[in-house]
Amino acid sequence: MSATPDHSRAPVLEAMRAHRERNPMTFLPPGHKQGRGVDPRVLDVLGRDLFAADIIMMNGVDDRRMSQEILTEAEELMADAVDADLAYFSTCGSSLSVKACIITVAGPGEELLISRNAHKSVIAGLIISGVRPVWVHPRWDPEWQLAHPPGPAAVAEGFARAPDAKGMLLITPTDYGACAAIEETAKLCHEHGKPLIVDEAWGAHLPFHPDLPAWAMDAGADLCVTSVHKMGAGLEQGSVYHLQGDRVDPKVLAARADLLNTTSPSALIFGGLDGWRRQMHEHGHALLDKALELSAWTRERLAALRGVRVMGRADFVGPGRADDQDPLKLVVDLQELGISGYTASEWLRENRNVEVGLSDHRRFAAQFTVADDESTAEILVSSVQALVEAAEDLPRARPIDLPAPGELELDQVELPRDAFFGPCEDVPAAKAAGRIAAETISPYPPGVPAVLPGERITQDVVDYLRTGLAAGMYIPDSADPELETFRVSAR
């Protein structure tokens, strides 16, 4: 790349436009051939332009040798925009990107420190790789019944337990917007000569405004994964992972990622990533200024409603809590109103045509991005106001047997890989306590497993999951959707 990168360019999008203008007669995938073969009923929903832009990368967007290096140039521009040494586009979401980072830093049987608030995709990476997790437990806030990312002291204790660990995987921000002390954690890892991976899936916007929490590359992390489709303006599945420094060999990263990457990447997703980088480099600060102002205004309006508390930085940050919080995440607590976040989410969708993200036994979360404006904010406020007015007629929040701090921290007695692939059996819930789990059970969102393969199940976690399910919790990955039985190791 030149000494002065031209961020007004978007190489992937430019090549896609050139391909459309050239309008070649193609005899290679995709088989719909720019939409000519698509059922008109499909075009009626998705539109012809989408298929016209669905172009193969090799001998399509680029030539058969990829000699124009269109994707490489786009990735170099991304790396420059966010102060990384290298950036890699992924069309399989951060679920794949984080797996690539795990198997780059550690191999089968090797230890890796991992935040226990990890997404289920991390657990899948452990199962696939045979890496041995050394869990670093989150900070539990008993007042708000929330788990925050682990602090530096817990990371130091993790290295004391596992001095040969190959590195650390830290998950920050959480789906609630709670953030870890990345810089202090990176220094701890580097003192041990080990890299820090940050799963910053919820933080793709963080490099572009100083009033947002720390961006992993600026805070000294070695590898960082972001989901541009979450808080950015990319298409679903659009992810980027970034590298800096010399603790991780980029050739090893490329080779390990190649084991998992698709050989048929979507130019649509690459184009979305490319265009988003250009937009944020040119206008990101101003766009995020507006989003932050809008978020603060909305927070004040919601907080004035009866029975509603919008959790702010003071609720998230402090001793025993998180180190920062993303102000673009509005976490709305409804405990005083007497309804659950599950009920609120469903009521808003069915009665106000408003969709919110995370919901739990007492809260829901709404995120603000550069796509929002005064009209969308006003819709959220008026809809929550209508929810408050309807609350007396809605079902009361059902109690959940939420364990005390530490009681959801299960003992890892087998490798996740061994328990998952080993002989297993289904046992009644009443007999699950004491057995070794052979499945992942993840309340969604945020998709953090309460049980993972190789952990010894306790009665506390059985009660928590079963009462949570009865109260409206969504658990998509358990072998028995009703949790009448649990899948356990037969050994």
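The values are calculated or read from the model by the stated rules, or taken from the named source; none is laboratory data. Keep in mind it's a predicted model, so treat the numbers as computed, not measured. Cβ: placed from backbone, ideal geometry, glycine included. Neighbour counts: every protein chain shown.
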Review point. Got at least one residue in the range 197-217 being aromatic (F, W, Y), within 21 Å of L96 (Cβ to Cβ) and either at pLDDT below 95 or buried (at least 24 other Cβ atoms within 10 Å of the Cβ) (or both)?
Key: yes
Practice item. Output yes when any residue across the range 439-454 is surrounded by fewer than 19 Cβ atoms within 10 Å (Cβ to Cβ), over 24 Å from the mean Cα position of the chain (by Cα) and either in the same structural domain as G341 (by TED's automatic domain parsing) or without any contact (Cβ under 8 Å) to a residue 60 or more places away in the chain (or both), and no when none is. Key: no
Revision key, fill the gap. Pairs returned, first residue in the range 275-286 that is charged (D, E, K, R), second residue that is buried (at least 19 other Cβ atoms within 10 Å of the Cβ) and part of a helix (DSSP H, G or I), beta-carbon separation under 8 angstrom, 6 or more apart or interchain, are R277/A74; R277/L77; R277/M78; R277/A81; R278/L77
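Quick grid of which residues meet (1) of a type in the set (A, V, I, L, M); (2) without any contact (Cβ under 8 Å) to a residue 12 or more places away in the chain; (3) crowded, with 19+ Cβ neighbours inside 10 Å:
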{"residue": "D62", "(1), (2), (3)": "no, no, yes"}
{"residue": "S67", "(1), (2), (3)": "no, yes, no"}
{"residue": "I70", "(1), (2), (3)": "yes, no, yes"}
{"residue": "A79", "(1), (2), (3)": "yes, no, yes"}
{"residue": "D83", "(1), (2), (3)": "no, no, no"}
{"residue": "T91", "(1), (2), (3)": "no, no, yes"}
{"residue": "L96", "(1), (2), (3)": "yes, no, yes"}
{"residue": "I102", "(1), (2), (3)": "yes, no, yes"}
Check your understanding: Hey, does the range 119-141 have a residue that's of a type outside the set (A, V, I, L, M), in contact with a Pro (Cβ under 8 Å, 6 or more places away or on another chain) and free of Cβ contacts under 8 Å to residues at least 60 places away in the same chain?
Key -> yes
Revision key, fill the gap. Of the listed residues (L96, L77, L71), the one being modelled with pLDDT under 95, part of a helix (DSSP H, G or I) and within 26 Å of the chain's Cα centre (by Cα) is L96
**Study point:** Residue among T343, T369, T376 that alone is part of a loop (DSSP other than H, G, I, E, B) and among the hydroxyl-bearing types (S, T, Y)
**Key:** T369
Check your understanding: Only one residue in V461, V488 is assigned to a strand (DSSP E or B), in contact (Cβ under 8 Å) with a residue 12 or more places away in the chain and β-branched (V, I, T). Which one?
Key -> V488
Revision key, fill the gap. Subset of the range 124-144, residues touching a strand residue (DSSP E or B) at 6+ places or on another chain (Cβ under 9 Å) and farther than 14 Å from I103 by Cβ, comes to V134, W135, V136, H137, P138, R139, W140, D141, W144
Exercise for review: Can you run down the residue pairs with Cβ atoms below 7 Å, 6 or more apart or on separate chains, where the first is in the range 34-59 and more than 22 Å from A15 (Cα to Cα) and the partner is surrounded by 12 or more Cβ atoms within 10 Å (Cβ to Cβ)?
Suggested key: V38/H32; V38/F51; L43/G35
Study note, to complete from the structure: Within the range 8-41, residues within 30 Å of the chain's Cα centre (by Cα) and either part of a helix (DSSP H, G or I) or loosely packed, with under 15 Cβ neighbours inside 10 Å (or both) come out as S8, R9, P11, V12, L13, E14, A15, M16
**Study point:** 2 or more residues within 18 Å of A450 (Cβ to Cβ): qualifying helices (runs of 4 or more DSSP H) within the range 116-204
**Key:** 120-129
